[in-house]
Amino acid sequence: MSDDFHPSPDAAFARGRLLQSQHRLQDAIACYQQVLALDAHHTPSFIMLALCWMQEDDTAAKSVDAAQRAVALEPENAFARSVLALALNANARDGQTAAIKAALQQAEEAVKLDPDSDFSHAVLARLHLRQRDYPKAEISARAALALDTENTMAAEVLSAALLLQKKDADNQDLIAYQLQRNAEDDSAHTSAGWMAIMQGDHKKANQHFLEALRLNPMSESARMGLIESFRARSWPYRLQLKFAHFMNQFTEGRQTAIMLGGFLCYRILSAWLRTVSPLLAAVVVGAWLLFVLWAHLARGFSSTFIVMDRFARQALRPREYWEGVVVGGLIFASISCLILGFAWHVEVDGGFAALVCILAAVVNAAAFTNDHWLGRYVYGTAAALAGAIAGYVILDAFMAAPGLPLAGELGALAILLGAITTWMRGFGVWYR
């Protein structure tokens, strides 16, 4: 082949599409860039570049620019606007409502431009799901599937919307249909895995997620599901998932009302029992505190066992790994403080250190699971402070020398941070 040979834009684009279908994204990107070097107004290449770039965090920002160029070249192109919506969504962090609304507007405009595009309806469904508007996500996903029953994005969004509305019977029928129609569909296995997780069958879920990853190693939803199936081997976390699944059938407003109602009932009951039986009142208070701690620490506690599993921990991202290390470490430090306090006859100091450690674990658990664009820094700062204080208080409780200065005051601060976190996280204040 001579050095002056240059493929046509159409040939280079076709090769890029083939490479993209084989998940060879970097090679596909090179082909699309080659097309644009030959034809700077080739809209399909800008669209495909956006789809490739949005798959990686470090190139996601470039996907918005590519999609915007495609829309500028063809403003009436519904597919280009849908891809722009996906790119904006990929770059919007949780809590950045303006950015997510901008993506939603592009998706809605795409549907208006081409009401018969199943892809546009599927993208709109994904944006509604991102906004936690599950009924609208269900409607848009069903509209996409009515146009194309093999739209895997729409099927996956529909399954998630049904799951999050606790429409289990409809979701099971959908998953069964997907698996019957195409047993090699990774999204069908991913949906089946999430359904099994919520049903408490972590072994079945594990099988489905592993199959989904075999079919599509790039599936982040399947990877996250696999981690959840490993966490669900812990019975406290399975109970947490069942409770979350039960609460999903209610709107966010009703969930808040249930939480407030439960707290008010607890306060009224415990106050009344103090006048009747202090022992029963103490049991109720202990049960409530155990419930609160369980709700906040079940995931982190379960992640600790994944970290200790040589096979399972290979699926963890660094943030997930350190969640297990830090949260689990603080939980076990709390238990150790109680045991050592009794063994060394420093029950009061040991008990105080244990309380500080467990509430520091609560703050860290919230920080590691928070994806809010601003809240993750707020919670992260509080978590680092609470963790450092926990170590300081442990030294104060068990060192042979006289007590460290301000250990009690700092411990009280860590306890306060833990108490505030339970409320802020519970009501979604800077937390997603």
Just a yes or no: is a residue in the range 175-194 assigned to a helix (DSSP H, G or I), exposed (fewer than 13 other Cβ atoms within 10 Å of the Cβ) and acidic (Asp, Glu)?
-> no
What's the number of the condition PRO217 fails, among (1) assigned to a helix (DSSP H, G or I); (2) surrounded by fewer than 18 Cβ atoms within 10 Å (Cβ to Cβ)?
-> (1)
Would you mind finding the one in VAL429, VAL363, VAL393 that is in contact with a Leu (Cβ under 9 Å, 6 or more places away or on another chain), without any contact (Cβ under 8 Å) to a residue 60 or more places away in the chain and closer than 30 Å to ALA257 by Cβ?
-> VAL363
What number of residues within the range 85-102 satisfy the criterion of being touching a His at 6+ places or on another chain (Cβ under 6 Å) and not small (Gly, Ala, Ser)?
-> 1
Being surrounded by 14 or more Cβ atoms within 10 Å (Cβ to Cβ) and under 21 Å from LEU355 (Cβ atoms) narrows PHE305, PHE291, PHE301 down to just PHE301
Counting only residues that are of a type in the set (Ser, Thr, Tyr) and either in contact with a Leu (Cβ under 6 Å, 6 or more places away or on another chain) or not in a helix (DSSP H, G or I) (or both), the range 223-274 contains a total of 2
Some residue of the range 59-73 being β-branched (Val, Ile, Thr) and either under 28 Å from ARG181 (Cα atoms) or not assigned by TED's automatic domain parsing to the domain that holds THR190 (or both) | no
Tell me, please, whether a residue that is farther than 23 Å from SER336 by Cα, in the same structural domain as GLY403 (by TED's automatic domain parsing) and among the β-branched types (Val, Ile, Thr) can be found in the range 356-365.
-> no
Please work out which residue is surrounded by the most Cβ atoms within 10 Å (Cβ to Cβ), limiting yourself to the range 377-432 and to residues that are closer than 19 Å to ALA333 by Cα and of a type in the set (Phe, Trp, Tyr).
-> TYR392
Failed item in (1) surrounded by 14 or more Cβ atoms within 10 Å (Cβ to Cβ); (2) farther than 17 Å from LEU359 by Cα, with GLU323 passing the rest | (2)
Among the residues of the range 207-224, is any touching a residue at least 60 places away in the same chain (Cβ under 8 Å), aliphatic (A, V, I, L, M), farther than 18 Å from LEU145 by Cβ and not assigned by TED's automatic domain parsing to the domain that holds PHE305?
-> yes
Test ARG181 against the criterion of being touching a residue at least 40 places away in the same chain (Cβ under 8 Å) and of a type in the set (D, E, K, R), and give yes or no.
-> no
Conditions: (1) more than 24 Å from ILE227 (Cβ to Cβ); (2) more than 18 Å from the chain's Cα centre (by Cα); (3) among the hydrophobic types (A, V, I, L, M, F, W, C). ALA188 meets all but one. Number of the miss?
-> (1)
Picking from ALA281, ALA315, ALA298, the residue that is without any contact (Cβ under 8 Å) to a residue 12 or more places away in the chain and either touching a Lys or Arg at 6+ places or on another chain (Cβ under 9 Å) or not assigned by TED's automatic domain parsing to the domain that holds ILE415 (or both) would be ALA281
Out of (1) free of Cβ contacts under 8 Å to residues at least 60 places away in the same chain; (2) within 29 Å of ALA360 (Cβ to Cβ); (3) assigned to a helix (DSSP H, G or I); (4) assigned by TED's automatic domain parsing to the domain that holds ALA361, what's the single condition that is false for ARG310?
-> (3)
Got a number for residues in the range 117-147 being touching a His at 6+ places or on another chain (Cβ under 9 Å) and not polar (S, T, N, Q)?
-> 13
Which residues, taken from the range 195-209, are buried (at least 17 other Cβ atoms within 10 Å of the Cβ) and in contact with a helix residue (DSSP H, G or I) (Cβ under 8 Å, 6 or more places away or on another chain)?
-> MET195, ALA196, ILE197, MET198, HIS202, ALA205, ASN206, HIS208, PHE209
Out of the residues in the range 244-261 that are among the small types (Gly, Ala, Ser) and surrounded by 12 or more Cβ atoms within 10 Å (Cβ to Cβ), which is farthest from the chain's Cα centre (by Cα)?
-> ALA257
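Quick grid of which residues meet (1) farther than 30 Å from ARG214 by Cβ; (2) free of Cβ contacts under 8 Å to residues at least 24 places away in the same chain:
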{"site": "LEU18", "(1), (2)": "no, yes"}
{"site": "GLN22", "(1), (2)": "no, yes"}
{"site": "HIS42", "(1), (2)": "yes, no"}
{"site": "ILE47", "(1), (2)": "no, no"}
{"site": "ASP65", "(1), (2)": "yes, yes"}
{"site": "ALA70", "(1), (2)": "yes, no"}
Return yes or no: is VAL326 out of contact with any strand residue (DSSP E or B) (no Cβ under 8 Å at 6 or more places or on another chain), in contact (Cβ under 8 Å) with a residue 40 or more places away in the chain and within 27 Å of ALA386 (Cβ to Cβ)?
-> yes
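The values are calculated or read from the model by the stated rules, or taken from the named source; none is laboratory data. The structure presented is a predicted model; accordingly, all values stated were derived computationally and were not measured. Cβ atoms come from the backbone with ideal geometry, glycine included; neighbour counts cover every protein chain shown.
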